[in-house]
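Every number in this text was worked out from the coordinates using simple rules, so none of it is lab data. Everything quoted here is computed from the prediction, not taken from an experiment. Note that we place each Cβ from the backbone using ideal geometry, even for glycine, and neighbour counts take in every protein chain shown.
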Amino acid sequence: MAAGTQQPSACRRVPLSTATKRRLWSESGGYCQSPACSDFLFADDADVDFAQMAHIVGASTEGPRGKSSLTKVQRAHHSNVTVLCPKCHILVDSTPQNYPIELLHSWKARHQDLLAQAFGTPQFADRGAARRYIEPLLAQNGAIFVTYGPVEGNMSDERAALWRKHARQTIVPNNQRITRALTRNRDLLTAHERATADIFGLHVAEFDARHVLGDWTAGTQRFPEGMNSIMEDQP
């Protein structure tokens, strides 16, 4: 090793700043960000929290999921940390092979989307405005499916890995946004569109179970074709 250089694994981790911790706590809403848990992070009748800040890419190259080109500062950035209860923190760090980087990022995004569902889903004045909101999300999902989605006779390991990555990072949160928008603006839907939206909701739940929770026993309700034109024209 050349003089004056230092192995990344020998570098000490950068502690999270107070501002970063404050932001992470806000993003969590006080709940574990594992979708299989979501425990409240305060003990009953006590002002003691059990929140633990879990690095997605390890705080050092020697840590869980630590093999990455991220710098020490980037590893301490809020985007690389998820808030978990002690049980889930131990689980993801003791078996990192079962909890890859992309999965933990999808947990974090899904949790933030759930908070947005409670506080930030828009209510539209008309069908046109609603369509303009969901159409780009549908288009992005469709492009990913066409490019990387399962195709009989053409599912190489590389294509499968890219499909899983984009499904978790993009399709899952997009689906949640679409579902929330349709639910909050259900009065703008025709009777036929409501049935389509309900089928889409089932598709989303089963897709999430597979790609977020890793439950491959979930059903495989296909994406309803009617979603491609939902609220496209005035009823």
| said: Ignoring everything except DSSP H segments at least 4 long, calculate the 222 nm mean residue ellipticity for the chain; use -39,500 (n - 2.57) per segment, divide by total residues, nearest 500. | reply: -15000 deg cm²/dmol
| Shape category assigned to the range 124-229 from the gyration tensor of Cα positions, a/c cut at 1.5 | prolate
| Does anyone have the angle between helix 157-166 and the longest principal axis of the chain? Alpha-carbon axes, 0 to 90°, nearest 10? | 80
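Roughly how many debye, to the nearest 20, is the charge dipole of the range 124-229 about its Cα centre, given +1 on each Lys and Arg Cβ, -1 on each Asp and Glu Cβ, and no other charges?
340
Please give the peptides 153-163, 193-203 ranked by average Cβ packing (other Cβ atoms within 10 Å per residue), highest first, as a rough proxy for protection.
Highest-to-lowest ranking by the protection proxy: 193-203, 153-163.
With +1 on the Cβ of every Lys and Arg and -1 on the Cβ of every Asp and Glu, and nothing else charged, how large is the dipole of the range 8-114 about its Cα centre, in debye rounded to the nearest 20? Before the final figure, lay out each step's value.
Working: 12 positive and 10 negative charges, 131 e Å.
In total the dipole reaches around 640 debye.
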| message | Please list, ordered by chain and number, the residues whose modelled amide H lies under 5 Å from the amide H of Val81; skip anything fewer than 5 residues away on the same chain. | response | Ile56
| remark: For Phe42, other-chain or 5+-apart residues with amide H closer than 5 Å (H placed, Pro excluded) are Phe50
| By its C-alpha gyration tensor, with a ≥ b ≥ c as the square roots of the eigenvalues, how is the range 8-114 shaped: rounded for a/c under 1.5, else prolate for a/b larger than b/c, else oblate? | prolate
| For Cys88, what is the net charge nearby, where nearby means another residue's Cβ is under 15 Å from its Cβ and Lys, Arg count +1, Asp, Glu -1? | +1
| request: Pull out a ≥ b ≥ c, the square roots of the eigenvalues of the alpha-carbon gyration tensor of the range 50-100, then state rounded if a/c is under 1.5, prolate if not and a/b is larger than b/c, and oblate in the remaining case. | output: oblate
| request: Compute the distance in nm between two label points, each set 7 Å from the Cα along the Cα-to-Cβ direction, one at Arg132 and one at Ser68. | output: 3.7
| field | C-alpha long axis of helix 18-28 to longest principal axis of the chain, angle in ° | value | 30
| task | Mind checking which of Leu188, Ala209, Gly142 is farthest towards the positive end of the range 124-229's charge dipole, using Cβ charges of +1 (Lys, Arg) and -1 (Asp, Glu) about the Cα centre? | result | Leu188
| note | The pairs in Lys108/Lys165; Lys21/Lys165; Lys87/Lys165; Lys21/Lys67; Lys72/Lys165 lying past 22 Å Cα-Cα in this model are Lys21/Lys165; Lys87/Lys165; Lys21/Lys67; Lys72/Lys165
| Where does helix 127-148 land angle-wise versus the long Cα axis of the chain, in degrees 0 to 90, nearest 10? | 60
| Cβ under 11 Å from Thr61's Cβ, Thr61 left aside: what net charge do those residues give with Lys, Arg +1 and Asp, Glu -1? | +4
| So how strong a dipole does the chain carry about its Cα centre when Lys and Arg Cβ are +1 and Asp and Glu Cβ are -1, to the nearest 20 debye? | 820
| said: With θ taken as phi - 60° and the coefficients 6.51, -1.76 and 1.60, list the Karplus ³J(HN,Hα) couplings across the range 67-80 in order, rounded to whole Hz; mark glycine and proline as x. | reply: 6, 7, 7, 4, 6, 4, 5, 5, 5, 8, 6, 4, 5, 9
| query | Just going by the charge dipole of the chain, with Lys and Arg at +1 and Asp and Glu at -1 on Cβ, which of Ser156, Thr61, Gly128 is farthest out on the positive end? | reply | Thr61
| remark: Residue-ordered couplings for the range 172-184, obtained by feeding phi - 60° into the Karplus form 6.51 cos²θ - 1.76 cosθ + 1.60 and rounding to whole Hz (Gly and Pro as x), are 4, x, 4, 4, 5, 5, 5, 4, 5, 5, 5, 5, 6
